[in-house]
Amino acid sequence: MARAKGSFSEYVLVESALATLIPERLGWEQAAAVPIAFITAWEAMIQYGRIKVGEWLLVAGASSGVGVSCIQAGKYLGVKTIGVSRSAEKLKKLKDIGLDVAICADSTSFAPAVLEATDGKGANVAVNLIGGTAFTATQDALCDFGRLIVVGYVDGVMNANLNLEVVHAKRLEIAGISNTPLTTADRAKATAGFNRDFLPGLIDGLIRPMVDRVFAFDRLSEAKAYVESNALLGKVIVTLP
């Protein structure tokens, strides 16, 4: 299994340093749900977030593939997780897999609830999977020396207000994650980090990939429409005949 370009294909050429042996307990569809979600989660939580045992992790957009992976990996690593979603039903299912604090709110109004859950201190690491509409709230929900990681923008909003006073006063760090500028060495570093920190949990069954739906390859357009509808919880998988 690997995170690679051109993966909507029958065959993909992948550098050996980017490939990981599939754990025996995982089927093909579960394995397909792992690399892009969990390697991205590793980059957000560990490479840039430097999350530590006992710290608070805020996931804005908790029901997405990367969001669910962050929650699962957070439980495995011993961090406390806060998930934000507009769907109470999705949050209930996420509580079943280890989410500590569920906040049902829109993308602009969850900061007070995060502060309340953390005794007024705020989260140590915030992963923004929503986009520009959630930027201010994730920034306001961080503690001193907090780390804000921007991974996606499913809301389509690319611009946001940056409160320099908050960044300065709290000594915040802000980072973005994208595969586009990464060299093969950069990608290999992320794969090695995933193999070290997350793969043992997948091998032991302590982390279980969450597959929402499986579509045949000839239904690819339907699969993409389903993902874009934001109805999913976890990963959508496409299979070839």
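Nothing in this text is a laboratory measurement; each read-out follows from the coordinates by a stated rule. Remember, it's a predicted structure, so these values are computed and weren't measured experimentally. When we count neighbours, we look across all protein chains shown, and the Cβ atoms used for this are built from the backbone with ideal geometry, even at glycine.
Which of the listed residues, Ser64, Pro200, Tyr11, is farthest toward the dipole's positive end in the chain, when Lys, Arg count +1 and Asp, Glu count -1 at the beta-carbon?
Of Ser64, Pro200, Tyr11, it is Pro200.
State the extension gain, in nm to one decimal, for the chain segment bounded by Leu162 and Arg213, taking 0.36 nm per residue of separation less the distance between their alpha-carbons.
Between Leu162 and Arg213, full extension yields 14.7 nm more.
Taking the highest mean first, how do the peptides 119-127, 88-96, 195-203 order by number of other beta carbon atoms within 10 angstrom per residue? If you can, show how the numbers build up before the last one.
Numbers: 119-127: 21.7, 88-96: 15.4, 195-203: 17.6.
Packing proxy ranking, top to bottom: 119-127, 195-203, 88-96.
Which one of Ala188, Ser221, Leu233 has its Cα pushed farthest toward the positive end of the charge dipole of the chain, where Lys and Arg give +1 and Asp and Glu give -1 at the Cβ?
Going by the charge dipole, the pick is Ala188.
On a straight-distance basis, which lysines could pair with Lys5 in a cross-link, Cα separation under 23 angstrom, same-chain partners fewer than 8 positions away excluded?
Lys189, Lys224, Lys235
In debye, nearest 20, what is the charge dipole magnitude of the range 143-241 about its Cα centre with +1 on Lys and Arg Cβ and -1 on Asp and Glu Cβ, if you could check?
So the magnitude is around 220 debye.
I'd like to know which of Gly156, Gly146, Gly98 lies farthest towards the positive end of the charge dipole of the range 50-176, counting +1 on Cβ of Lys and Arg and -1 on Cβ of Asp and Glu.
The one lying farthest along the dipole's positive direction is Gly98.
Going through the DSSP H helices of the chain, which span 15 Å or more along their own axis at the Cα atoms while scoring at least -0.5 as a mean Kyte-Doolittle hydropathy?
Span-like helices, by this rule, are 65-77.
Can you give me the long-range amide H partners of Val79? Hydrogens built in the peptide plane at 1.01 Å from N, cutoff under 5 Å, separation of 5 or more residues or another chain.
Correct list: Gly54.
Where the centroid of each part is defined by its Cα atoms, how far is the range 94-143 from the range 210-240 in Å?
The range 94-143 and the range 210-240 have Cα centres separated by 27 Å.
One quarter of the convex hull surface, Cα atoms only: what value does that give for the chain in nm²?
Its average projected convex-hull area is 12.5 nm².
For the range 50-176, just the Cα set please: Rg and Dmax, both in angstrom.
Every Cα atom of the range 50-176 included, Rg and Dmax give 13.0, 38 Å.
With charges set only on the Cβ (+1 for Lys and Arg, -1 for Asp and Glu), what does the dipole of the range 50-176 come to about its Cα centre, in debye to the nearest 20?
So the dipole magnitude of the range 50-176 works out to roughly 360 debye.
Using the Karplus equation 6.51 cos²θ - 1.76 cosθ + 1.60 (θ = phi - 60°), what ³J(HN,Hα) coupling, rounded to whole Hz, does each residue of the range 141-157 give in order, writing x for Gly and Pro?
8, 8, 8, 4, 6, x, 10, 10, 10, 9, 10, x, 8, 5, 7, x, 9
Taking the Cα centre as origin and putting +1 on Lys and Arg beta-carbons and -1 on Asp and Glu beta-carbons, what dipole magnitude results for the chain, to the nearest 20 debye?
280 debye
Using the Cβ atoms and a cut-off under 11 Å, what net charge is assigned to the surroundings of Pro35, where Lys and Arg are +1 and Asp and Glu are -1?
+3
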